[in-house]
Amino acid sequence: MIYKLQPTRVYRSYYGGMNLDTIQNVNPPENSRFPEDWLASVTTAFNPGRNVPYEGLSKTTDGIFLKDIIEENKEEMIGEHESMSILFKLLDAAERLAIQVHPTIEFAKKHFNSNYGKTECWYMLNDGGEVYLGFKEGITKEYWKSLFDSQDIEKMLGCMHKFEVKKGDFIFVEGGVPHAIGKGCFLAELQEPTDLMVIPEKVTPSGIELPEQKLHGGLGFEKMFDCFVYDGKSKPETKEKYFITPKAIDENASVLVDSTITDKFRLFKIECKQNATFKTDSYAIAVVTDGSASINGTEMKIGDRVFISEKENILNIEGNGQVLVCMP
């Protein structure tokens, strides 16, 4: 079965979303505090102080929560998987995101009572923008904490490597690695299915003061610094490790990330010029990121997304567009 889904716009602590408004035919398009669209989500957003039931959970075009469909038809929808282990998003930043880090699985199990951390990856959908990624050599927990205490944001940013990014760049970000997505970045993000994070920046670039719970994620101000992995690298080493070159599978498809890089998720890019066939071996999520296409007869334009159940193993894609497909 293939389920077409509605947009799932999610409230965040940064401004953006004009590109999302544009592809979703919102008129006039504008930047707001809803800069993310969660594509086939069964993950609830963590927004302390904002009591919005079910925020982050995706619905089908018929208005049914995907989470409910999966719970009622688990074997058909996700097979033998215990739960959905991926979260796929579109993210559109009109300002630099606050500096942050996400836990590794080991840290998440011990301190967040979660079976998932938040390793993630980014596929850039536009030119322009920059990202901050990974500690430089020699950064210690004591020094990093001192910058938090003084809130010296420029020095914090200076502790990380800064990279200009362009359309088609693919970046892998392990749990424990500090990072900040820059202004002007429009991207697809694939990650483990949590909203766990630590943020050492108390006020966002646009002046939004973050709740304490959002800063330390429930860990407290001492324990939060243990979430970072202090294994600084040179800029060339960081780029070599985390900027990944796609590998062609056939004339239409290429792999962006697979088991050679992580055991947490896989992401494929399909460039369909007329028709293409792609085989899946698990449940999957697909989104059109350029042009238009139909997947097994389901018509889709840019920004449209579908959840593909476990037993829908062959995807027949027709049209002229780019499709991203992710699987666990």
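Among rounded, prolate and oblate, which fits the chain when a ≥ b ≥ c are the square roots of the eigenvalues of its C-alpha gyration tensor, a/c under 1.5 means rounded, and a/b larger than b/c means prolate? Prolate shape, in that a/c is at least 1.5 and a/b is the bigger ratio.
Only aspartates and glutamates eight or more places from LYS241 in sequence, or on another chain, were considered; those with a Cα closer than 20 Å are GLU120, GLU130, GLU137, GLU164, ASP169, GLU174, GLU189, GLU192, ASP231, ASP258, ASP263. Cα gyration tensor of segment 16-119, axes a ≥ b ≥ c as square roots of the eigenvalues: rounded (a/c below 1.5), prolate (a/b > b/c) or oblate? Taking the square roots of the gyration eigenvalues as a ≥ b ≥ c, segment 16-119 is oblate.
Given contacts defined as C-alpha pairs under 8 Å and at least six residues apart, what's the relative contact order of segment 34-97, whole-number percent?
Once normalised by length, the contact order is 44 percent.
Residue-wise HN-Hα couplings along segment 206-217, as the Karplus relation 6.51 cos²θ - 1.76 cosθ + 1.60 with θ = phi - 60° gives them from phi, are 8, x, 7, 7, 8, x, 4, 4, 6, 5, 9, x Hz; Gly and Pro carry x.
The mean sequence distance of close C-alpha pairs (under 8 Å, at least 6 residues apart), as a share of the length of segment 71-174, puts its relative contact order at 29 percent.
Among the lysines of segment 15-170, pairs that are 8 or more positions apart or on different chains and have alpha carbons within less than 21 Å of each other number 19. With Cα atoms defining each centre, segment 29-83 and segment 216-237 are spaced 28 Å apart in the structure.
The value of relative contact order for the chain, using C-alpha pairs under 8 Å at least six residues apart, is 20 percent.
Calculated [222 nm] ellipticity per residue, helices only, for the chain: -4000 deg cm²/dmol; basis is -39500 (n - 2.57) per DSSP H run with n ≥ 4, divided by all residues, nearest 500.
Here the Karplus curve 6.51 cos²θ - 1.76 cosθ + 1.60, taken at θ = phi - 60°, turns the phi angles of segment 295-305 into couplings of 10, 6, x, 8, 6, 9, 10, 4, x, 6, 9 Hz, with x standing for Gly and Pro.
Remark: segment 158-165, residue by residue, has Karplus-estimated 3J(HN,Hα) of x, 7, 10, 7, 10, 10, 6, 10 Hz, where x stands for each Gly or Pro and the curve is 6.51 cos²θ - 1.76 cosθ + 1.60 at θ = phi - 60°. Enumerate the residues in segment 67-98 having an amide nitrogen under 14 Å from the point lying 7 Å beyond the Cα of LEU210 toward its Cβ. Residues 96-98 fall inside that zone.
Once the C-beta distance of VAL52 and GLU137 is scaled by a Förster radius of 51 Å, the resulting FRET efficiency is 0.75 to the nearest 0.05.
Close amide-amide hydrogen proximity is noted between LEU57 and ALA45, each under 5 Å apart and 5 or more residues distant or on a separate chain (H modeled in the peptide plane; Pro and chain starts excluded).
Length gained on full extension, ASP62 to ASN27, computed as 0.36 nm times the residue gap minus the Cα-Cα distance: 10.3 nm. Straight Cα distances below 15 angstrom link LYS311 to the aspartates and glutamates GLU75, GLU76, GLU80, ASP281, with same-chain residues fewer than 8 positions distant left out.
Values quoted throughout were computed directly from the atomic coordinates according to the rules given, and no laboratory measurement underlies them. Since this is a predicted model, take the numbers as computed values, not measurements. Quick reminder, even Gly has a Cβ in these numbers, built from the backbone with ideal geometry, and neighbours come from all protein chains shown.
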